[in-house]
Every structure is written in structure tokens, then in C-alpha cells.
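Encoded as C-alpha cells, the structure appears first; notes follow it.
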Amino acid sequence: MKSYKVDPIKNRDEEWVKQIYRYANKYKISNKIIPRNSNLLKKITTLDLSSNNLLHITSAISNLELLETLNLSNNNLINFPDEFSKLVNLKELNISRNKFDNIPKVIFDIESLKKLDISKNNLHDIPKEIKKNSNLCYLDLGGNFIRNLYAEVLKGTLFMGK
């Protein structure tokens, strides 16, 4: 297993790095997943935090400007911080097997999002705001309790569900 040396944080602009380190330590997330080296951390494009029993996501994750793929499946999440919309390069988001009653509204502001897996949660409705995600081409809603699907909401989106 590759380990990373913790580097000193040079200025206050990088307080978010400390916040991510504290978050990683709190949830016992390994250095392999979240490197404790700010230069490596800033270059992360894929982050897999699945199956970590997470109750919340730190807003500091929104500073991972190059992040394209985020897997938060199989946790205990119910919402996201508003800052999550700053993930302007995020293309794939897996939040399946969590405790969402609603799709977090902040997701509708991530224009780059192409693939969203929100299967096996507690969803009952799909809000019409999902149309704001014009690049969304894959949406998995399977294993939820959805009563109504609006054709105009899902137009052009590949729907997967059982």
C-alpha cells in the first residue's frame, strides 16, 4: 500500500485542505483514497468514498476542482452542502444506497453532470428542476418509491430502473 507524507499547509487559503484531512481522519478514510498531501489532493479526478458509513459530506470537497467522478454509494447520506455546486467538472455521481428522501437540489446546479445514480434510496418524486441538468444522459432511479415520472423531465435522459 502506497502511503503519502503529510505536507505543511502554507497559507490560509488552504484551510479547506485541513478540513478534508480532519474529515478523512474522522471517518478513518485511508491515505490511499484521500492523500494527506495537498499537491496530490488538488489533482484528484476520481474519489471513491463508498461504504464508509458517512453521515455527511464536508463542504471542503467542493474545492477539488478537477474532480470528475465521485462515488458516495452505500453510506447514510441525506443531503449535500450548498458548496457542492462548485464541482464544475463533475461528470459522474453515484449516491445510490443512501437515505435520500429527495434529490439534493444542489445537484441541479452541476451543469457538467452526465451520469447520476441515485438508485435504492427513499425517493418518491422526481422534481422538474432535474431538467436544469441538460447534459445528464444517464439517470438510475431503480429501487425507489417513485409515484410519477414526467416525460418532459426525463426527455433525452437514459432512465434505468426496476
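Computed values, structure above
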quantity	calculated
Selection from 103, 85, 118, by position along the positive dipole direction of segment 80-126 (Cβ)	118
Aspartates and glutamates whose Cα lies under 20 Å from that of residue 131, excluding same-chain neighbours fewer than 8 positions away	82, 92, 101, 109, 111, 117, 140, 152
Filter on 18/99; 91/132; 18/42 - keep pairs with C-alpha separation over 24 Å	18/99
Cα gyration tensor shape for segment 44-160, rounded if a/c is under 1.5, else prolate or oblate	oblate
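Only the coordinates and a few stated rules stand behind these numbers; no lab work does. Note that the structure is a prediction, hence the values are computed from the model and not measured. Using ideal geometry, Cβ is built from the backbone for each residue, glycine included, and neighbour counts are taken over all protein chains shown.
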